[in-house]
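Below you'll find the structure, written out as structure tokens, and then a few comments.
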Amino acid sequence: QVQLVESGGGLVQAGGSLRLSCAASGRTFSSYAMGWFHQAPGKEREFVAGISWNGGYTNRADSVKGRFTISRDRAKNTVYLQMNSLKPEDTAVYYCAASDRSIPTTSPIQYVYWGQGTQVTVSS
């Protein structure tokens, strides 16, 4: 199994930045594609960004292109989401997830392991 723990969320003013971290453990982690999703109250869980098992390919939602960057450090078993130019509409719980494929997809169907989530709140 893979265990995922998110951290780095908090309160920030619009235009500010946050860096989320996802610490992973488990023997199969290095071969999994990883993704970040977020979910606002009353809304569906949405794809934010994904990264391939070797970090060579990334995919991001249109709403965060130019603002968010996903990366991974395989030596540290950690995935990051650097969030810049934050907007109030980015406010949500952010979840880290591991896919059973080497290339990330935008659908949560292929993500079999999930963290507990970390709250991000952006004030105007």
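The values are calculated or read from the model by the stated rules, or taken from the named source; none is laboratory data. Being a predicted model, the structure only gives us computed values, none of them experimental. Positions of Cβ are backbone-derived with ideal geometry, glycine not excepted, and every protein chain shown enters the neighbour counts. These area figures cover heavy atoms from the full protein model, side chains too; ligands, DNA and RNA do not enter into them. Shrake-Rupley method; radii C 1.70, N 1.55, O 1.52, S 1.80 Å.
A compact table of results
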item: Any hit, region 41-51, residues being touching a Phe, Trp or Tyr at 6+ places or on another chain (Cβ under 6 Å) and over 14 Å from residue 92 (Cα atoms); result: yes
item: Test: residue 95 is within 11 Å of the chain's Cα centre (by Cα) and within 17 Å of residue 17 (Cα to Cα); result: no
item: Criterion (more than 15 Å from the chain's Cα centre (by Cα) and charged (D, E, K, R)) met by exactly one of 100, 62, 73, 90; result: 100
item: Subset of region 64-91 [of a type in the set (D, E, K, R) and modelled with pLDDT under 95]; result: 72, 73, 74, 76
item: Filtered residues of region 50-75 (kept if of a type outside the set (Val, Ile, Thr) and touching a Gly at 6+ places or on another chain (Cβ under 9 Å)); result: 50, 57, 59, 60, 71, 72, 73, 74
item: Qualifying residue in region 92-100 (condition: at pLDDT 95 or above, over 22 Å from residue 2 (Cα atoms) and open to solvent by 30 Å² or more (accessible area, probe 1.4 Å)); result: no
item: Filter result (in a loop (DSSP other than H, G, I, E, B) and in contact with a Cys (Cβ under 7 Å, 6 or more places away or on another chain)) within region 90-124; result: 115
item: Residue match in region 28-42 (condition: out of contact with any strand residue (DSSP E or B) (no Cβ under 9 Å at 6 or more places or on another chain) and at positive phi); result: yes
item: Wholly within region 1-89, strands (runs of 3 or more DSSP E) carrying at least 1 residues that are open to solvent by less than 20 Å² (accessible area, probe 1.4 Å), charged (D, E, K, R) and touching a residue at least 24 places away in the same chain (Cβ under 8 Å); result: 3-7
item: Residue check for residue 115: among the small types (Gly, Ala, Ser), at negative phi and surrounded by fewer than 13 Cβ atoms within 10 Å (Cβ to Cβ); result: no
